[in-house]
Amino acid sequence: MTYVIYTEVNSLRESAVTNSTKGINNQRFIEMANTQKKPITRSREDYLRVIYELFRLNKAIRTSDIAERLGVTRASVSGMMTKLKNCGLIDKEKYGWISLTEDGYKLAEQIKSKYDIIVLFLVDVLGENKATAKKDACNIEHAISQETAERINDHLNSLLSIKEDYYAQR
């Protein structure tokens, strides 16, 4: 799904949220993690989102790439990769590339979608600058439920519809 937000008359600003949170069952992933006694923590979500972002850049993912993005040491990344691998969310051989499993990809895609929706809301609805919005979205994404993310998404779609109708009548 792509949102097109009119930021001023005759000017379009496109912000892509490639996958809506609609239809993704967050509970399934939490149940999957809980059956393996590995809850999805805030930190694990951050790592999964970064791995997903690097994957979407068609980049071979290394621990040093993740460490750089998150501002942590490679040793910290290595420890988290072991945890994510034990949860069945990533594949990684010792000193090898990192990739998401099917479940890891689905969960990371959902986390990234929620993050993108929050950034879009903060920037395009509240007028926050993008750098601050990204920082705030990283905190907010962990605190809101899937249902709240879907309501924000619905609200953004509603605003888009109103703005499209307004500009279509001009």
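The values are calculated or read from the model by the stated rules, or taken from the named source; none is laboratory data. Note that the structure is predicted; figures quoted are calculated from it, not measured. Reconstructed Cβ throughout: ideal geometry from the backbone, glycine too, with neighbour counts over all protein chains shown. Side chains included, ligands, DNA and RNA excluded: accessible areas come from the protein's heavy atoms. Shrake-Rupley method; radii C 1.70, N 1.55, O 1.52, S 1.80 Å.
List every residue pair whose Cβ atoms sit under 8 Å apart, with the two residues 6 or more apart in sequence or on different chains, where the first one lies in region 128-150 and is under 20 Å from residue 108 (Cβ atoms) and open to solvent by 70 Å² or more (accessible area, probe 1.4 Å) and the second, anywhere, is aliphatic (A, V, I, L, M) and modelled with pLDDT under 95.
Filtered contacts from region 128-150: 134/119.
Quick one: is residue 109 touching a helix residue (DSSP H, G or I) at 6+ places or on another chain (Cβ under 8 Å) and at pLDDT 90 or above?
So residue 109 passes the test.
Yes/no per residue for (1) within 25 Å of residue 133 (Cβ to Cβ); (2) under 19 Å from the mean Cα position of the chain (by Cα); (3) surrounded by fewer than 22 Cβ atoms within 10 Å (Cβ to Cβ):
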{"position": "40", "(1), (2), (3)": "yes, yes, yes"}
{"position": "46", "(1), (2), (3)": "yes, yes, yes"}
{"position": "54", "(1), (2), (3)": "yes, yes, yes"}
{"position": "57", "(1), (2), (3)": "yes, yes, yes"}
{"position": "62", "(1), (2), (3)": "no, no, yes"}
{"position": "82", "(1), (2), (3)": "no, no, yes"}
{"position": "97", "(1), (2), (3)": "no, no, yes"}
{"position": "102", "(1), (2), (3)": "no, yes, yes"}
{"position": "117", "(1), (2), (3)": "yes, yes, no"}
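Of the conditions (1) of a type in the set (A, V, I, L, M, F, W, C); (2) modelled with pLDDT of 95 or more; (3) touching a strand residue (DSSP E or B) at 6+ places or on another chain (Cβ under 8 Å), residue 67 fails just one. Which one is it?
Exception for residue 67: condition (3).
Write out, first by first residue and then by second, each pair whose Cβ atoms fall under 7 Å of each other, whose residues are 6+ apart or on separate chains, and whose first residue, in region 65-77, is closer than 9 Å to residue 50 by Cβ and open to solvent by 70 Å² or more (accessible area, probe 1.4 Å) while the second is at pLDDT 95 or above and not in a loop (DSSP other than H, G, I, E, B).
Final answer for the pair search is 69/50.
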